[in-house]
Amino acid sequence: MKKRIAYTITTFLLLIVEVLIALYVHDSFIRPYVGDVLVVIVIYTFIRIFIPEGYRFIPLYVFIFAASVEILQLFHIVDILGLGDNRFFRVLIGSVFDIKDVLCYAVGCLILSGYEFYRSKKKI
């Protein structure tokens, strides 16, 4: 139960950071790169609320999901879903494919894999 609470708090705090970055940071590094690294960590911590133990391959699954969403952007999924006029969904789902985003997701998932490795050795 303690882990679920910790993951819930972490998810909430990281989500706030993501929203603050999206709303107030308009630079060429934090918003495009750090934000994309953090988004996979937010997804990971959210999943861990429900699956706090086991499944050490969650970082891989998160990467596959994030990369899939990015690839769907290449095919203009927001427009196909009829959400192209909705700014919220254009930001949430994304509307422009960028291979650098996939690389940022990979970096975030590598960080998570390191965490999983550390966790398995220390039995956190």
Seminar exercise, completed: Over the stretch 86-114, the set of residues of a type outside the set (Val, Ile, Thr), in a helix (DSSP H, G or I) and surrounded by 15 or more Cβ atoms within 10 Å (Cβ to Cβ) is 89, 90, 101, 104, 105, 106, 108, 109, 112, 113
Exercise. Mind checking which pairs have a first residue in the stretch 70-98 that is in contact (Cβ under 8 Å) with a residue 24 or more places away in the chain and a second that is of a type outside the set (Val, Ile, Thr) and loosely packed, with under 12 Cβ neighbours inside 10 Å, Cβ under 7 Å, 6 or more apart or different chains?
Worked result: 97/74
For this session: Could you pull out the residue among 53, 18 that is touching a Leu at 6+ places or on another chain (Cβ under 9 Å) and of a type outside the set (Ser, Thr, Tyr)?
Result: 18
Exercise. Which of the residues that make up the stretch 14-58 are farther than 28 Å from residue 121 by Cα, over 12 Å from the mean Cα position of the chain (by Cα) and open to solvent by less than 50 Å² (accessible area, probe 1.4 Å)?
Worked result: 21, 22, 25, 32
Seminar exercise, completed: Within the stretch 1-13, the residues that are crowded, with 17+ Cβ neighbours inside 10 Å and either in contact (Cβ under 8 Å) with a residue 40 or more places away in the chain or on the phi > 0 side of the Ramachandran plot (or both) are 7
Seminar exercise, completed: Among 48, 56, the single one that is under 26 Å from residue 2 (Cα atoms) and part of a loop (DSSP other than H, G, I, E, B) is 56
Problem set entry | Which numbered condition residue 81 misses (of (1) surrounded by 12 or more Cβ atoms within 10 Å (Cβ to Cβ); (2) modelled with pLDDT of 95 or more) | (2)
Exercise. When you scan the stretch 59-78, how many residues do you find that are of a type outside the set (A, V, I, L, M, F, W, C) and surrounded by fewer than 13 Cβ atoms within 10 Å (Cβ to Cβ)?
Worked result: 1
Seminar exercise, completed: Going through the stretch 24-61 in order, the residues found to be aromatic (Phe, Trp, Tyr) and closer than 25 Å to residue 99 by Cα are 24, 29, 33, 44, 46, 57, 61
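The values are calculated or read from the model by the stated rules, or taken from the named source; none is laboratory data. Since this is a predicted model, take the numbers as computed values, not measurements. No Cβ is skipped: glycine too gets one built from the backbone with ideal geometry, and neighbour counts run over all protein chains shown. With ligands, DNA and RNA removed, areas are computed over all heavy atoms of the protein, side chains included. Shrake-Rupley method; radii C 1.70, N 1.55, O 1.52, S 1.80 Å.
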